[in-house]
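First comes the structure, then the notes that go with it.
Readers should treat all values here as calculations from the given coordinates under stated rules, not as data from a laboratory. The model shown is predicted, which means the values in this text are computed figures rather than measured ones. Positions of Cβ are generated from backbone atoms using ideal geometry, with glycine treated the same way; all protein chains shown enter the neighbour counts.
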Amino acid sequence: QRPLVESGGALVRPGGSLRLSCATSGFTLDYLAISWFRQAPGKGRVGVSCVSSTSRITDYKDSVKGRFTISRDNAKNTVYLQMNSLKPEDTGVYYCAAIRGTTQTPVQAVCAMTEAGYEFDYWGQGTQVTVSS
């Protein structure tokens, strides 16, 4: 079983909402920085949102600001991505990924919106989000 498991993807009409979940499997989420990436067909993965291990830092792709909200519940070992006012361009496979961190990149201060410059230790299997009328 993959260390991270995503769920919540679905077919939804424009303007609708979805909540994606990213849960750890077999270990605690407390010390992981979490990022959400999206991959559309024929495209590379792009960062959508991220949250540091303490939630001190969050970030969002410009096109989703004001519509998406990332949060974490360490007691439930789960990170959520609430997606409102969905648009067709939000369509893609959404992956969560985790960084354990190092002394050079402590997870308390890490919020990774790109893969470049970071080593992601865990990836989920992806969940499909389709926004279409």
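Using a cut-off of 12 Å between beta-carbons, work out the net charge of the residues near T102 (Lys and Arg +1, Asp and Glu -1, T102 not included). Each step should come with its number before you reach the end.
Numbers: positive: R100; negative: E119, D121.
Charge balance near T102 sits at -1.
Quick check: the distance between the Cα centres of the range 1-47 and the range 97-111, to the nearest angstrom?
18
Less than 10 Å Cβ to Cβ from S53, Lys/Arg counted +1 and Asp/Glu -1: what total charge do the surrounding residues give?
For residues surrounding S53, the net value is +2.
In the neighborhood of Q39, defined by Cβ-to-Cβ distances under 15 Å, what is the net charge if each Lys or Arg adds +1 and each Asp or Glu adds -1?
Residues close to Q39 contribute a combined charge of 0.
Sort the chain into rounded, prolate or oblate with this rule: let a ≥ b ≥ c be the square roots of the eigenvalues of the Cα gyration tensor; rounded if a/c is under 1.5, and if a/c is not under 1.5, prolate when a/b is larger than b/c, oblate otherwise.
On the way: a/c = 1.71, a/b = 1.59, b/c = 1.07.
Note, shape of the chain comes out prolate.
Stretched out fully, how many nm does the piece from Y31 to T54 gain, at 0.36 nm a residue minus the Cα gap?
Gain on stretching Y31 to T54: 7.5 nm.
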